[in-house]
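Structure record follows, encoded as C-alpha cells.
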Amino acid sequence: HSICVLVTAVFHQMGGDSQKAMALIQKRLQNPAYTRNTLARMSVPLTIVHLLDANLDGVRKAAQHNLQLTRGLPLYHTRTYAYVHLGIACYLQNDFAAAQEALQKAMDHRYVANPSWVTDAGFALVCLYLSRGQNDAAAKVLAQIRTHCHEGDHGRSMELYPAFEIEYLLRQKKFKKAIALAPSVDFEVRSPRYFFYVPQITQCKCFLAQDT
C-alpha cells in the first residue's frame, strides 16, 4: 500500500501539485487504525515529496519522525530510507557532522537493507569526505561500496558504480584520467529522480573537463 501511495504522490508532485501529494500522504498518516509499522512506511513518501520539492527542512523533519516511529522495530529498510534522506538533506545544507552520522548509519545497514539506497548513501558519504579533504576516508567507503555490490551481485548498484568512479576522479581533479575512462562507461543508467547521485551530471562534467 505504501508503494501505491508513493507512486501516486510522486505523480502529483511531478505534475506540479505538491499540495495534493501532501494531502494524500497526510490522510494516511492521520489514520488511527494504522500501526507504527504502517505509519513508518507511509512516512517514506512524505520524505521523498519534500526532497523533490527541495524542501530540505521538511525532509529532515519527516526523516527524524520516521526514525522515531521505527525505533525498536525490525524495519531495517524503512529505517535506512530515513537515514539516507536525513543524511542527504544535512549534506545539502552543509551540516556535515549530522550528514556523516546519518549516512554512516545507512552504510552500516548495508547487509539488511535495499542495496540501491545503501549505495546512494555511500555515494553521498564519499562526496562529503572529499569535500572535507578526507580522501582516505572517501576511498575506504568507495571500496566498501564496490565490495558490497560485487558480493551481493546487486545489478542496479553495479551499473551505477563505474559512473560514480568517474565522479570520484573528477572531484579529486584527476581530469585526464576521468576523461580517458569515461568513453567506456554507461552514463545512461536511470535512477529514481529522488536519488542523490545522477550519472548524467557526471557525463556533463566530463564534457566540460575536456575544454579545461
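The values are calculated or read from the model by the stated rules, or taken from the named source; none is laboratory data. Worth saying up front: this structure is predicted, and the values here are computed from it rather than measured. With ideal geometry, Cβ positions are generated from the backbone for all residues, glycine too; neighbour counts draw on all protein chains shown. The area values use the complete protein model at the heavy-atom level, side chains included, leaving out ligands, DNA and RNA. Shrake-Rupley method; radii C 1.70, N 1.55, O 1.52, S 1.80 Å.
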Counting trypsin sites (Lys or Arg not before Pro) as exposed when in a DSSP loop with at most 13 other beta carbons within 10 Å, what is the longest stretch of the chain free of them?
1-70
Of every hundred units of 1.4 Å-probe accessible area on the chain, the number belonging to carbon and sulfur atoms, as a percent, is 53
Inter-part gap, Cα centre of segment 69-102 to Cα centre of segment 22-40, in whole angstrom, is 20
Degrees, to the nearest 10: 155-171 long Cα axis against longest axis of the chain
60
Which of Ala62, Gln144, Gly122 sits farthest toward the positive end of the charge dipole of the chain, with +1 on the Cβ of Lys and Arg and -1 on the Cβ of Asp and Glu?
Ala62
Straight distance only, please: which aspartates and glutamates reach the Cα of Lys176 with their own Cα at less than 20 Å, same-chain residues fewer than 8 apart left out?
Glu165, Glu167, Asp186, Asp211
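To the nearest 0.05, how large is the calculated FRET efficiency for Thr147 and Arg190 if R₀ is 22 Å and r is the Cβ-Cβ distance? Working shown, then result.
Values: r = 25 Å, r/R0 = 1.12.
The calculated FRET efficiency here is 0.35.
Could you list the GluC sites (Glu not before Pro) in segment 122-194 that lie in coil according to DSSP, counting only those with at most 16 other Cβ atoms within 10 Å of their Cβ? Please report the intermediate quantities before stating the final value.
Values: sites: Glu151, Glu159, Glu165, Glu167, Glu188; in loops: Glu188.
Those satisfying the criteria are Glu188.
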Per-residue ³J(HN,Hα) for segment 198-203, Karplus 6.51 cos²θ - 1.76 cosθ + 1.60, θ = phi - 60°, Hz, x for Gly and Pro:
10, x, 5, 5, 4, 4
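State in Å² the accessible area per residue of segment 17-130; use a 1.4 Å probe, count heavy atoms of protein chains only, and round to the nearest integer. Don't jump to the answer; show the numbers that get you there.
Details: 4880 Å² over 114 residues.
For segment 17-130, the solvent-accessible area averages 43 Å² per residue.
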Nearest 10, in degrees from 0 to 90: the angle of helix 36-52 to the longest Cα principal axis of the chain is 50
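With a Förster radius of 35 Å, plug the Cβ-Cβ distance of Tyr76 and Ala33 into 1/(1 + (r/R0)^6) and report the FRET value to the nearest 0.05.
About 0.90, to the nearest 0.05.
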Within segment 52-96, whose backbone N sits under 14 Å from a point 7 Å along Cα→Cβ of Asp136?
none
Do any chymotrypsin sites (Phe, Trp or Tyr not before Pro) in segment 95-190 lie in a DSSP loop with no more than 16 other beta carbon atoms within 10 Å, and if so, which?
Tyr111
Hey, what angle do you get for helix 135-152 against the long axis of the chain, alpha-carbon based, 0 to 90 degrees rounded to 10?
70
Length gain on complete extension for the stretch Gln200 to Gln64, per 0.36 nm per residue less the alpha carbon to alpha carbon distance?
45.9 nm
